[in-house]
Amino acid sequence: MKPYRYSLYRKARRIRLALFFILIGWTLVEVLHIKYMHVQESRLQQVALGSEKIYIAGLHWNSEQILREAWIAAVVDLANAIGRDNVFVSIQESGSWDDTKGALIHLDQLLAEYDIPRRIVLDNKTHLDEITKPHSGQGWIETPIGATELRRIPYLAKLRNVAMEPLYEQKSAGIIYDTIVFLNDVIFTTSDIQNLLSTRGGDYAATCALDFSDPPDFYDTFALRDSEGHDMLMQSWPYFRSRASRQAMKDSQPVPVTSCWNGVVAMDATPFYQSPPLRFRGISDSLAKSHLEGSECCLIHADNPLSGEKGVWLNPSVRVGYNSPAYLAVNPVNSSWLSSFTVASGLWKNRFMRWFTTPWFKENVVWIRLWKWEKQSQENREPGPFCLINEMQVLTENGWAHR
């Protein structure tokens, strides 16, 4: 090798080594900072329960196992921590074929022992009853298989609105609630709910947990949108494409999002008392015919007048699970829920995905269909375009299906 070529080779090698060590150093500093911020999150001050009135709501279908395993005890503990004079529990069950009804009867008995105000509705109508009734009114759609079928999201929205009915009934008696807490069939503790209610000192339109079924991937991709309205860049940490959401997640701070649900959500109750009140809904049937759908848990934030004023936030310090192993994995006792390797690999995976992917192609399909629908009539308008996805979901006898 000639001297000048050997010299160039050595310079190139030194540059590569320098870049390598710079990247290693940069990553190490990031990891140490992020791990430090995760330690700090445990020191956040919790609000004291009992200082405000809280309305607890939940839907259940075939959830006997988690009810008996953890959920019932957690709800009773939470209700007692809030205090009977400041809490109401509203549960809506429908058509379960396991013993969810029996489990909820047990919950009713336990709440009665503590004189906790409640309404627990056990509905015998099954999915089969719903999908075989006459095709009348809203919520039915002609699907690609050549059948008229009942849409899943309007059905769920109706159930959520039923669970909200006692809120309005008690208003006439002068009982007004400050916060609404929706609980999915997840494992949680009273401390988790205190942390959630403490988000930004209580200044929010809505705040959500992070939910997990099979860690490290989070669960609720249907309703969660980042601060720019995009769905998740990745299901593992740090999840987000938008800079504002991603940076807050790295700093273990409340994450600005456009919408969320994630197993547990707390909402300022004020819009539910307005005229007309904030209610759960699905997108119109005519828009759904374009093979579009949107979660009722996302659309509620699009419709909420406080979303723009107070914001919607995800609290990364509140992590719930759909089973015990998942909950324990993301809430370890004496260590961070994120390993150094998970943080380092997540940072670089997120960078490469942001550099080499774009949401434009997937979102453009939705935008074009929405634009065509809006052109059909001046009355066609959807306030929550960021909630829309390229799917058609219908109710089936044993759950739901894509069409």
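The values are calculated or read from the model by the stated rules, or taken from the named source; none is laboratory data. None of the values given here were measured: they were computed from a predicted structure. Cβ placement follows ideal geometry from the backbone for every residue including glycine, while neighbour counts extend to all protein chains displayed. SASA here: full protein model, heavy atoms, side chains in, ligands and nucleic acids out. Shrake-Rupley method; radii C 1.70, N 1.55, O 1.52, S 1.80 Å.
Numerical summary
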quantity	calculated
Ordering of 72-81, 268-277, 216-225, 371-380 by packing [mean C-beta count within 10 Å, highest first]	216-225, 72-81, 268-277, 371-380
Cysteines not pairable in the chain (beta carbon separation under 4.7 Å absent)	CYS297
Surface share of carbon and sulfur [accessible, 1.4 angstrom probe, percent] for the chain	55 percent
Derived scalar couplings ³J(HN,Hα) [the stretch 254-261; Karplus, 6.51 cos²θ - 1.76 cosθ + 1.60; whole Hz; x for Gly, Pro]	x, 9, x, 9, 8, 7, 6, 8
Other-chain or far-sequence residues with amide H under 5 Å of SER259's (modelled H)	ARG225
Out-of-range pairs (alpha-carbon distance over 30 Å; input LYS101/LYS133; LYS133/LYS289; LYS171/LYS375)	LYS171/LYS375
PHE341-ARG243 pseudo-label distance in nm [points 7 Å out on the Cα-to-Cβ vector]	3.2 nm
Whole-Hz ³J(HN,Hα) from phi, Karplus 6.51 cos²θ - 1.76 cosθ + 1.60, for the stretch 314-319, glycine and proline x	9, 9, x, 7, 10, 10
Under 15 Å from the Cα of LYS53 - aspartates and glutamates, other chains or at least 8 residues apart	ASP85, ASP178, ASP268
Rounded FRET efficiency, nearest 0.05, which uses the C-beta distance separating ARG14 from TYR168 and R0 of 51 Å	0.10
Cα convex hull volume per residue for the stretch 349-390 (Å³)	77 Å³
Straight-distance crosslink candidates among aspartates and glutamates, where the alpha carbon sits under 15 Å from LYS35 and sequence neighbours closer than 8 are dropped	ASP251
Segment ILE175-ALA147, length gained on full extension (0.36 nm per residue, minus Cα span)	5.5 nm
Crossing angle, helix 360-376 versus the chain [Cα axis fit, 0-90 degrees, rounded to tens]	40 degrees
Loop-located trypsin sites (Lys or Arg not before Pro) in the stretch 258-346, at most 12 other Cβ atoms within 10 Å (DSSP)	none
Which label in (i) -0.37, -1.34; (ii) -0.40, -1.16; (iii) -0.32, -1.18 gives the computed log10 I(q)/I(0) by the Debye sum over Cα atoms at q = 0.07, 0.14 Å⁻¹	(i)
Interchain or long-range residues, amide H under 5 Å from TRP400's placed H	none
Solvent-accessible area per residue, Å², over the stretch 138-263 with all protein chains present [probe radius 1.4 Å]	34 Å²
Distance between modelled label sites at SER284 and HIS402, nm, 7 Å Cα→Cβ extension	2.7 nm
Beta bridges per DSSP with both ends in the chain, % antiparallel, nearest 5	55 percent
Å² of accessible area per residue within the stretch 304-384, as computed with a 1.4 Å probe and no ligands counted	59 Å²
Label-to-label distance, nm, for residues given as VAL29 and LYS125 (7 Å Cα→Cβ offset)	6.1 nm
In order through the stretch 122-138: 3J(HN,Hα) via Karplus (6.51 cos²θ - 1.76 cosθ + 1.60), integer Hz, x for Gly, Pro	10, 9, 7, 5, 8, 4, 4, 4, 5, 7, 9, 6, x, 7, 10, x, 7
